[in-house]
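Contents: one structure, followed by commentary.
The values are calculated or read from the model by the stated rules, or taken from the named source; none is laboratory data. All figures in this text were calculated on a predicted structure; none of them were measured in a lab. Here the Cβ positions follow ideal geometry from the backbone for every residue, glycine too, while neighbour counts run over all protein chains shown.
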Amino acid sequence: MKYIHIKKAAVQFLVLIFLSILSACTDNPQAPDSSKKPLNENDILIINEGLWGGDNATITHYDRSDHTVEHSYFQSQNPGLRLGDTANSMTVAGNLIYVVMNGSNTIEIIDLPTFTSQGRIALPNNPSPRTMAVMDDSIGFVTSLYNDEIIHINLGAKKILGTIPVGPAPEGALIFNDLLFVTNSGLGDIRGAEKDAGTLSIINPKNSTEISRIPVIFNCNSIQEGPDGLIYIGGGGSYASEKVSGIVVFDPLQKAVLDTIQIANHPRDFAFNGTDKGYVLTDDGVVQFSLQTRAVENVDFISTTKIDAAAYLYAIAVDAEQQEIFVSNARNFSTNGEVVCFDFNGVEKYRFSTRLLPGEIIIF
């Protein structure tokens with residue numbers, strides 16, 4: 001089974017709700033119903049965050065073979081079990097999926113392709129986990145937004161091994177060439193003035209030691225490996241002052257910033273076409289940029305109004321083989337969302353509904 005995994009960037013102004021810390025209870029797993037529908041090749045999963053404190057996170061399953069939608073896929077595969085509060089990100093590693101639950105402070109472990117729960121890891125000290133990077137079958141690292149550290153986990157034993165101090169408000173995490181790269185966002189305007197906000201921590205995961213901490217861009221909340229072997233870091237900018245925003249191009253071998261592709265209007269989640277182009281969400285729509293020239297090619301590739309007059313674009317993923325771009329619309333953050341599929345020319349092909357706050361798209 002092949003998959004494309006795109007991590008969601010944090011939206012800076014939404015983190016203001018984190019000032020009111022809530023927790024939610026989750027049920028224990030029950031024996032799964034073997035008659036439920038397993039994942040198939042080309043299926044799409046959508047993480048629906050749900051309302052903060054509402055304990056109503058869900059996963060929407062879209063079957064591209066027959067165009068059917070199931071909005072409570074996790075619950076249907078695992079009767080009696082809820083995901084919990086605020087699903088933030090999903091990481092696929094081998095035959096397992098790890099869902100990071102930001103509000104519940106847990107990590108749900110799910111088997112592929114049955115999508116049955118293999119248990120969950122409880123994270124102590126209210127860390128507000130954001131993103132997980134998996135080193136191998138047994139070791140994972142999770143960013144702790146509140147505690148300014150990385151949580152080191154033995155995945156097989158479901159045991160916390162320790163923590164690694166980093167910069168303020170770490171969000172994105174990526175394993176590349178046996179190193180762990182972590183973006184210290186500073187939560188944009190909330191903690192952006194603190195020392196080492198807007199930096200990239202480089203960690204040796206073998207000895208849990210931070211090698212260096214390099215300035216990259218204000219509100220650096222997301223990180224991905226590009227098809228060219230370089231690392232790309234998203235910087236969402238500021239809502240209170242003039243700050244450079246866009247995508248930083250970083251050389252992981254030289255451990256240096258090569259360039260910054262400046263993109264206005266609070267860029268957030270981004271994805272690649274598999275070769276030479278990238279697509280990033282902004283307040284106004286989808287911006288297309290070139291990996292070769294490191295410049296914006298089309299600032300109005302897909303306008304927000306092409307999706308909905310009141311759309312708020314929340315996540316993006318690309319299927320390079322099918323040449324399709326998927327964009328989620330969170331609408332007003334209180335009603336159900338949707339995902340819209342476009343071809344590589346920016347022409348809409350179809351759309352389907354989701355639940356509250358569709359925050360990440362996974363294409364298998």
Taking the condition surrounded by 22 or more Cβ atoms within 10 Å (Cβ to Cβ), hydrophobic (A, V, I, L, M, F, W, C) and either more than 26 Å from Thr304 (Cα to Cα) or without any contact (Cβ under 8 Å) to a residue 12 or more places away in the chain (or both), does Phe270 pass? no
Do we have any residue at all in the range 349-361 that's surrounded by fewer than 18 Cβ atoms within 10 Å (Cβ to Cβ), among the polar types (S, T, N, Q) and in contact (Cβ under 8 Å) with a residue 40 or more places away in the chain? yes
Specify the residue that is farthest from Ser222 (Cα to Cα); the eligible residues are those in the range 94-106 that are within 14 Å of the chain's Cα centre (by Cα) and in a strand (DSSP E or B). Ile97
Complete set of residues in the range 251-263 that are of a type in the set (A, V, I, L, M), within 23 Å of the chain's Cα centre (by Cα) and closer than 17 Å to Ser290 by Cβ: Ile261, Ile263
Spot the failing condition for Val249; the list is (1) out of contact with any helix residue (DSSP H, G or I) (no Cβ under 9 Å at 6 or more places or on another chain); (2) surrounded by 23 or more Cβ atoms within 10 Å (Cβ to Cβ); (3) in a strand (DSSP E or B), and only one is missed. (2)
Only one of (1) modelled with pLDDT under 95; (2) crowded, with 16+ Cβ neighbours inside 10 Å is not met by Thr305, so which one is it? (2)
Tell me whether the range 15-33 contains one or more residues that are at pLDDT 85 or above and of a type in the set (A, V, I, L, M, F, W, C). no
Does Gly278 qualify as being surrounded by 15 or more Cβ atoms within 10 Å (Cβ to Cβ) and touching a residue at least 60 places away in the same chain (Cβ under 8 Å)? no
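Mind telling me which of the residues Val286, Val299 ends up being on the phi < 0 side of the Ramachandran plot, surrounded by fewer than 17 Cβ atoms within 10 Å (Cβ to Cβ) and either out of contact with any Phe, Trp or Tyr (no Cβ under 9 Å at 6 or more places or on another chain) or in a strand (DSSP E or B) (or both)? Don't jump to the end; show me each part of the working.
On the way: Val286 fails: surrounded by fewer than 17 Cβ atoms within 10 Å (Cβ to Cβ).
Just a single option satisfies the conditions, and that option is Val299.
Rundown of residues vs (1) part of a strand (DSSP E or B); (2) not hydroxyl-bearing (Ser, Thr, Tyr), yes/no style:
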| site | (1), (2) |
| --- | --- |
| Ser201 | yes, no |
| Asn207 | no, yes |
| Ser212 | yes, no |
| Gly229 | no, yes |
| Gly234 | yes, yes |
What strands (runs of 3 or more DSSP E), lying completely within the range 108-167, carry at least 3 residues that are surrounded by 18 or more Cβ atoms within 10 Å (Cβ to Cβ)? 117-122, 129-134, 139-144, 149-154
